[in-house]
Amino acid sequence: MTAATKPSIPLSLDPSSLSNPNEALLTHLSWTASVDFINCRFLARAKYTVQITSSKSNTIHLDTSHLDIHSISIDGTPATYSLGVPDKSKPHLGSQLSIQLPPQSSSTPHTSSTITLLIDYATTKECTATGWLPPSQTAGKRHPYVFTQCQAIHARSLLPCMDCPSVKMTYDATVSVPKWATCVMSALSTVSSSSYNDETNENVFTFEQPVPIPSYLFALAIGELESRDISNRCRVWSEPSMVEAVAFEFGQVEEFVRVAEELTLPYQWGRYDILCLPPSFPYGGMENPCLTFVTPTLLAGDRSLADVVAHEAAHSWSGNLVTNETWEHFWLNEGWTIFLQRKIMTKINGDEKFFDFDVAISGWEDLKDSVRDMPDAYTKLIPELGDGDPDDAFSSVPYEKGFNLLYSLETMVGKDAFAKFTKAYFNEFKFGVVTSQKFREFFNDYFKDDPKVMTVFDWDTWLHKPGMPAKPDFDRTLSAACEDLADGWMAVEGDAAKVPTVDITNWNTSQRICFLDALLAKCSDRNEPLSLETVGLMKEAYKMHKTHNSEVLHRFCMISVAAGDATIIPVVLRFITTQGRMKFVRPLYRALFASKMGKNIAVKTFFKHRDFYHPVCAKMLAKDLEIGDDDAESDVKRCGSSQRHFVLGALVVVASAIGIALIRGKRR
Ligand SMILES: CC/C=C\C/C=C\C[C@@H](O)/C=C/C=C/C=C\[C@@H](O)CCCC(=O)O
Ligand SMILES: [Zn+2]
């Protein structure tokens, strides 16, 4: 570890973790697992290489959440351990697993020694890191599917670990899956990556991640999968029936990575593959190293939503290579990534004004929404997260306020100087972790000869004050027409004669989004939705309720629900029950819940479809709909239902087998 990457605070002070990396460091994980689709669990062994870094330490503390620990040994000898009771007021922190180190002898003190820690365990149906999907939730409808999502602190429910971003380790993995299935991971497939095991009738996949990663980037998916190569280092994966569509939609991925390399450093991860998941994946994308996970809601058919892939590719530097030291510095992951994403898309679009177009309305309005909806503690760039649940603090703030900080710095020092600084920053902190303070010091040192830098920039306001930052001066050339059209619709007031005559047939997705965002912003500013009649006229004019573009549909649904248009309800219900991306489902459920016409429908729909959603999405929706723990716990676990599904399926298979045997017996 170099001076630059050494964490600046005692690691045990990461309030999101109950582990003690300041005394013992996990440096490598060998993970061996087999998937049990019947019981929705992994049976696994985590074998860690642990470096003891303090002579005082006699215990290793790990994070766990709802794991069944079977046995633990250190250097081949059974170890004594205890599992703490979770704090009911902070269930997201899980249970601390404390493992006693064997007594030290004076000839072999623990300091600087390396031990092998082996933990046999199983995950449980309470696992918050996994989405277990019955066949009905897949495109193929024939086989189940499982995927993981560990950010921010869900890895502890998949494996015992030091679940804090400051602990980075390499890993290898061996995963046994049913014969029909393929396993993919946030790692490189090793040369003979899959072999068949006659005894268990399973396929065995092996992986290696030679670059140290934090626990939140540990990821896998198992399902019926197929792939297509896009370039030498980029491949897309999905269920077989979708793979051509996925290959087309993300066909620019090699260009994204290449442009990102020009902006930063050469790509460090070997491969950049993309897995397009089933629709309940809760995020647009997740930057799992070597293998980005994306939602199928990006499949617009015209590559218009592929900027999410540019975003995830950019994370290969910001986040994955240079990682926030704790979740309070999340803006360094996301603000930098949005900045790089916009630079990549601007280069690909070939129009400098595109950068401001994307920012001017969409980004800024997203930020305004979050600042309006989130408590002050979470609208600071360095939020007061403490040991609160990071999922509660998640919003556009780290993304857009973070972006705006970087944009202001760029405006202050000039584009060329900032481009050079960008490369220097990633080079300085690569493979390590960073805090806001370290970033600030590095920036000030890099520009120490520029007098403006020390005097003009108000770091304390940017980093510590809640609310909106000062609005930058964006170029509005490209957004002007969209804003004008929004103004036109604001003036309609239900009068068909006032409907704007602008023909938007040839407008692209960015323009449509910009127009709808401007409309939403104007309604929010005047604190009054469009009238029911106006929305009816717009529906007739643009038919946006029929679009297959998820970003456009989402915004049009928001506008219509706010207007109290009951005819949109079937469209909304279909949208929020056929995909589970939180960016779409949470605001729509909240809007329905806040409306007279939709309150009961929202609650009923949630109860009916709860098992469809990923556990984190179900948790957040329950909070949004003010459903208490008692209601939520009665039947909340998706795995419970998937289990019922599989058990029923298994019973049907057994019953049919008995039936067939009986019939055959009779025939004989
Ligand atoms: C200030 C908050 C501190 C920490 C929160 C960190 C993570 C919390 C969490 O809930 C996980 C987020 C994962 C996000 C993954 C991808 C996003 O970029 C997706 C953005 C929304 C979308 O496009 O669907
Ligand atoms: Zn991101």
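The values are calculated or read from the model by the stated rules, or taken from the named source; none is laboratory data. As the structure is a computational prediction, the values presented were derived from the model and not from experiment. Every residue, glycine among them, receives a Cβ derived from its backbone with ideal geometry; neighbour counts consider all protein chains shown. For accessibility, only protein heavy atoms count, side chains too; no ligands or nucleic acids. Shrake-Rupley method; radii C 1.70, N 1.55, O 1.52, S 1.80 Å.
Odds and ends about this structure:
- Output for segment 324-339, where each listed residue is part of a helix (DSSP H, G or I) and touching a Cys at 6+ places or on another chain (Cβ under 8 Å): none
- Only a single criterion out of (1) without any contact (Cβ under 8 Å) to a residue 60 or more places away in the chain; (2) crowded, with 24+ Cβ neighbours inside 10 Å; (3) within 10 Å of ligand 1 (Cβ to nearest atom); (4) not aromatic (Phe, Trp, Tyr) is not satisfied by Val308, namely (2).
- Selected residue [under 20 Å from Ser370 (Cβ atoms), outside the structural domain of Asp373 (by TED's automatic domain parsing) and either crowded, with 23+ Cβ neighbours inside 10 Å or not aromatic (Phe, Trp, Tyr) (or both)] from Ala566, Ala594, Ala541, Ala602: Ala594
- Flag for Val322 being free of Cβ contacts under 8 Å to residues at least 60 places away in the same chain and in contact with a strand residue (DSSP E or B) (Cβ under 6 Å, 6 or more places away or on another chain): no
- Residues that are open to solvent by 20 Å² or more (accessible area, probe 1.4 Å) and of a type in the set (S, T, N, Q) within segment 224-243 comprise Ser227, Ser231, Asn232, Ser241, listed in sequence order.
- Of all residues in segment 557-577, those that are closer than 11 Å to His545 by Cα and among the basic types (Lys, Arg) total 0.
- Residue list for segment 332-359, restricted to those being under 22 Å from Ala247 (Cα atoms) and within 16 Å of ligand 2 (Cβ to nearest atom): Gln341, Ile344, Met345
- Applying a threshold of 8 Å to beta carbon distances and a minimum spacing of six or more residues, or different chains, the list of pairs starting in segment 246-269 at a residue that is touching a residue at least 40 places away in the same chain (Cβ under 8 Å) and ending at one that is open to solvent by less than 50 Å² (accessible area, probe 1.4 Å) and among the acidic types (Asp, Glu) reads Tyr267/Glu261.
- Of the residues making up segment 520-545, those that are over 24 Å from Asn506 (Cβ atoms) and of a type in the set (Asp, Glu) are Asp525, Glu528, Glu533.
- Selection within segment 56-103 - loosely packed, with under 13 Cβ neighbours inside 10 Å and out of contact with any strand residue (DSSP E or B) (no Cβ under 6 Å at 6 or more places or on another chain): Lys56, Gly76, Thr77, Pro78, Val85, Lys88, Ser89, Pro103
- Among the residues examined, Asp373 does not qualify as more than 26 Å from Phe584 (Cα to Cα), acidic (Asp, Glu) and loosely packed, with under 15 Cβ neighbours inside 10 Å.
- Enumeration of residues in segment 279-331 that are within 14 Å of ligand 2 (Cβ to nearest atom), of a type outside the set (Gly, Ala, Ser) and in contact with a Phe, Trp or Tyr (Cβ under 6 Å, 6 or more places away or on another chain): Met286, Pro289, Thr295, Val309, Trp317, Val322, Asn324
- Scanning segment 569-586 for residues that are open to solvent by 30 Å² or more (accessible area, probe 1.4 Å) and closer than 18 Å to Leu305 by Cβ, we see that the one that is nearest to ligand 1 (Cβ to nearest atom) is Lys583.
- Any hit, segment 122-132, residues being within 16 Å of ligand 2 (Cβ to nearest atom) and within 18 Å of Asp63 (Cα to Cα): no
- Within segment 459-469, the only residue that satisfies the criterion of being open to solvent by 80 Å² or more (accessible area, probe 1.4 Å) and either in a loop (DSSP other than H, G, I, E, B) or among the basic types (Lys, Arg) (or both) is Lys465.
- Where Thr534 falls short, out of the listed (1) over 28 Å from the mean Cα position of the chain (by Cα); (2) under 25 Å from Leu298 (Cα atoms): (2)
- Cβ pairs under 9 Å, 6+ apart, first in segment 61-84 and at pLDDT 95 or above, second open to solvent by 70 Å² or more (accessible area, probe 1.4 Å) and not in a strand (DSSP E or B): Ser65/Pro91; His66/Lys125; Ile72/Thr80
- Qualifying residues in segment 282-305 (those that are among the hydroxyl-bearing types (Ser, Thr, Tyr) and either over 23 Å from Glu249 (Cβ atoms) or touching a residue at least 24 places away in the same chain (Cβ under 8 Å) (or both)) - the one farthest from ligand 1 (Cβ to nearest atom): Ser304
- Segment 195-223: number of residues that are assigned to a strand (DSSP E or B) and either surrounded by 15 or more Cβ atoms within 10 Å (Cβ to Cβ) or free of Cβ contacts under 8 Å to residues at least 40 places away in the same chain (or both): 18
- Counting only residues that are under 23 Å from the mean Cα position of the chain (by Cα) and open to solvent by 60 Å² or more (accessible area, probe 1.4 Å), segment 425-457 holds 2 of them.
- Single residue of segment 471-509 satisfying the filter (part of a helix (DSSP H, G or I) and among the charged types (D, E, K, R)) that is least open to solvent (accessible area, probe 1.4 Å): Glu483
- Matching entry among Asp387, Asp358, Asp366 (being within 15 Å of ligand 1 (Cβ to nearest atom), modelled with pLDDT under 95 and surrounded by fewer than 19 Cβ atoms within 10 Å (Cβ to Cβ)): Asp366
- Yes/no for Ile344 being more than 12 Å from ligand 1 (Cβ to nearest atom), under 22 Å from Phe474 (Cα atoms), surrounded by 24 or more Cβ atoms within 10 Å (Cβ to Cβ) and touching a residue at least 40 places away in the same chain (Cβ under 8 Å): yes
- Taking segment 84-176 and the strands (runs of 3 or more DSSP E) fully enclosed by it, the elements with 2 or more residues that are farther than 21 Å from Pro390 by Cα and over 22 Å from the mean Cα position of the chain (by Cα) are at 95-100, 114-122.
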